[in-house]
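Readers should treat all values here as calculations from the given coordinates under stated rules, not as data from a laboratory. As the structure is a computational prediction, the values presented were derived from the model and not from experiment. Reconstructed Cβ throughout: ideal geometry from the backbone, glycine too, with neighbour counts over all protein chains shown.
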Amino acid sequence: MSDITHVSAAEIARSLAQGEISSVEVTTAYLARMEATEGVLGSFLARSSNALEVAAASDQARSRGETPSALAGVPIAIKDVLCTTDMVTTAGSRILEGWIPPYDATVVTKLRQAGMVALGKTNMDEFAMGSSTEHSGYHVTKNPWDITRAPGGSGGGSAAAVAARQAPVAIGSDTGGSIRQPAAFTGTVGVKPTYGGVSRYGVIALASSLDQVGPVSRTVEDAALLHDVIAGHDPHDSTSIPTPWPSMADAARKGSQAESLAGVRVGIVKQLVGEGISPAVKQRFDQAVDLISAHGGEVVEIDAPHCEYAVAAYYLVLPAEASSNLAKFDSVRFGLRVTPEGNPTVEDVMSATRDQGFGDEVKRRIILGTYALSAGYYDAYYGSAQKVRTLIQRDFAQAFEKVDVLLSPAAPTSAFPLGEKLEDPLAMWAGDLTTIPVNLAGIPGMSIPMGLAEDDGLPTGLQLMAPAYQDARLYELGATLERLITDRDGVMLSMTTPEVI
Ligand code: GLN
């Protein structure tokens, strides 16, 4: 068999099931690929020390007739925001340097129970605040398509790892786009499930009313298989949805076989395709829409007027919730403790620790959020932002009375050069305009590759959005569109990462 890192996770699973290859062989191939490329890319913050043992255990289980899931024996990379008892967990922050959590996140437990093989923890913007992974407290991750470009963020490590074949699939988290925007920048598939679809127990919280965990992969089917492994109610997470989910893998398979899009109603969100979208991204988006119409889908324009205020509302809700969530990093219970000279008080220790342990972007947001929540300002800022959020939810609810799925570009541009936005927080934040409304509304969103941008030859992402609980619709239509785009281009973009490294 040719290099196993070139095929999808579903294909690996089929080869494992047929006994053509062992999990130890697959894992060895990925570890070798990681070894060869990691020095340039920097996708990981920690590597597993026992991946081959886990793989061997998976092979033994299979030989006993035990295959706990469709992805048993398949390697996976995990964003460093999820707690792992066998690997350091830092959320990309120096304040948690060297911290080994006392328990696994539920998602990590599910991956282990599914027989998957964790390869390592992926790099991210500190506490998932950022859109380029440059705010990591450790190092910058490069985009495998062009190492002078950002891989997106905050989950740039997971996306770069999958795009560069360091891992077949990965776990990400998405509070304002951190799965979907890096997917768009790296030509991979990324899904933010419905709010509450996947447990957040053991996921270091950024903004609790927005955070969701989801899959990163190279095909829609792979994302669906992983989604099926991680989704479901968790008694440890009171926000997790108790109703059972249909099989996303079945939805993806159905979509990949669909003859046409007749009867599918698709809405284009006017506010997400205008100002701020680069001409090259717009061109690819229009081509994707043409493809839908050409195959019988009904395309209508949708007005979601309050999306215009989404970035402003998000950058109040998020800092407010983050400032509260991050208060627990006080030098007493976790990680770093900096003790100033002399006779420091507890407050001096906390303040020195937070000053040294947090990076600039995190401090910026804590200050903003604390201000927004302060007495006398709460209603004006957090309160107003929550009202805007309700209006955005209503815009989407009305839109979904007319259409099954909404579309927009997943990111307004292709991957921008490293350093370009680092000193300009507002420019960095403005780039989140296409992904943020989805988090504010709590609905599911997916990014799939929609072709290379004509100007810089880099990947662009198409975002699909569905009503809450209808994640399966994303997989069904996503798989159809993935096939149509592949047929049009004669190649599946996500499978063709150029060998720049
Ligand atoms: N780029 C967004 C932000 O900086 C997304 C963060 C996320 O989804 N974790 O807040």
Cβ charges +1 (Lys, Arg) and -1 (Asp, Glu), total dipole of region 343-463, debye: 500
Quote the FRET efficiency, to the nearest 0.05, computed for Ala430 versus Asp360 with a Förster distance R0 of 22 Å and r equal to the Cβ-Cβ distance. 0.75
Calculate, in whole percent, how much of the Cα-Cα pair population of the chain lies beyond 41 Å. 13
I want to check the label-to-label distance for Thr239 and Gln398. Put each point 7 Å from Cα in the C-beta direction and report it in nm to one decimal. 2.7
Between Tyr371 and Ser260, how high is the FRET efficiency from 1/(1 + (r/R0)^6) when r is the Cβ-Cβ distance and R₀ = 41 Å? Nearest 0.05. 0.15
Please label the shape of region 186-318 as rounded, prolate or oblate, based on the square roots a ≥ b ≥ c of the eigenvalues of the alpha-carbon gyration tensor (a/c under 1.5 means rounded; beyond that, a/b larger than b/c means prolate, else oblate). oblate
Report the antiparallel proportion of the DSSP beta bridges in the chain as a percent, rounded to a multiple of 5. 65
Would you mind ranking Arg180, Arg333, Arg149, Arg14 so that the residue whose beta carbon has the fewest other beta carbons within 10 Å leads the list? Arg333, Arg14, Arg149, Arg180
Pulled fully out, how much extra length does the chain show between Glu341 and Asp3, if you take 0.36 nm times their separation in residues and subtract their Cα-Cα distance? 116.1 nm
Cα→Cβ-extended label distance, 7 Å offset, between Tyr103 and Phe334, nm: 1.4
Would you work out the relative contact order for the chain, in percent, from Cα pairs under 8 angstrom that are 6 or more residues apart? 18
Just check region 320-458 against the gyration tensor rule for me: Cα atoms, a ≥ b ≥ c as the square roots of the eigenvalues, rounded for a/c under 1.5, and otherwise prolate or oblate depending on whether a/b exceeds b/c. oblate
Helix-only mean residue ellipticity at 222 nm, the chain, DSSP H runs n ≥ 4 weighted -39,500 (n - 2.57), per residue, nearest 500. What is it? -12000 deg cm²/dmol
